[in-house]
Structure formats: structure tokens, C-alpha cells
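Beneath this line is the structure, given in C-alpha cells, with notes to follow.
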Amino acid sequence: MSASLATRRFVAAFLAAGALVGAAALPASADDHGRDRDRRAPHSSIVISDVQYSTGGRDRSARALNREWVEVENTGRRSVNLRGFTLTDRQGNRYRFGDFRLDGRSSVRVHTGQGRDTRHDVYQDRRHQIWDERDTATLRDNRGNVLDTDSWNGRRHHRNG
């Protein structure tokens, strides 16, 4: 009986130590990439793959607005419905996807200007530029979890995702 009691005490101490180590490690992983209070989704196949931002010129034509885009890619094999997913910039401008199915291993460009949505291009229908030389694009799922971010500063392009 004493061997069984000693074994139970050892197992209880081992489990308690594991719980303490796990709790101590949690804050370090919770602050992934320094995002304050943003919820991180588990690894997602939906990512920001490329950005074409405005160079700050005075051309506000539809053509110029449509040369500005963020590309969202599905790196997985299965298609994903992006309904409710959002793409935001640092100033709080937001594009919300409608009922849009992104096939596996494909991408869609989210253009700033106006146009007819297709399988590979969707339009925000805005009349002014969104993406600046120094900006951050944030992609969230339909629950508000951050899936990916991409930041750039003039010529320097920095991926955060």
C-alpha cells in the first residue's frame, strides 16, 4: 500500500509541475508578434500573399485605384468560403468578403476601386486610395481572429504573418 501511495504522490507532483511550466509558458506564446489583444487563429491556409500599394500620386482614376490591391491566397488544398472575413488597413478602412469561395491553391486580389467581381478579382468600390507607402494589412476570419498581417514601410516590405 505504501508503494501505491508513493507512486500516486509522485504522479501528482509530476502533473502539478507540468501545469506550472505550461502556465508560465502561456504568456510568451499569447503575445505572438506583439499584437496587443488580437486573437490569433490556429494556423490558417488563408494568408496575405502580396500587396500593391499606392505610390501617393494624384491620379484618382478608377484605373489607378484598381492598380492598388491586396492578394489573399488559399495555400491549402480545400476551398474555403471567405464570407465574413475582413481585410483592414492601419487607419481602420475595412473590406468584408461576401459569399466568396476561394478554391484551394488559388488567390484573389482585393482591388480598392470599382469593377465586376470574378473568381480572381474582387473590388471594394471605393473612390479613394486605401493602402499607403507605410501601412499594414490585417486579414481576419469571420470570428475576428487574426489570420495574417503584412506591413511595409516605403521600399522596405516586411511580412508579419
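Of note:
- Of the peptides 108-114, 148-154, 94-100, the ranking by mean beta-carbon count within 10 Å, highest at the top, reads 108-114, 148-154, 94-100.
- Where labels lie 7 Å past Cα in the beta-carbon direction, separation of Asn145 and Arg119 in nm: 2.8 nm
- Projected label points at Thr75 and Arg96, each 7 Å from Cα along the beta carbon direction, are separated by 2.8 nanometres.
- Using the average count of surrounding beta-carbon atoms within 10 Å as a protection proxy, the listed peptides 62-69, 74-81 rank, highest first, as 62-69, 74-81.
FYI, it's all coordinate maths here, none of it is from the lab. The structure displayed is predicted, hence computed values, not measured ones. Every residue, glycine among them, receives a Cβ derived from its backbone with ideal geometry; neighbour counts consider all protein chains shown.
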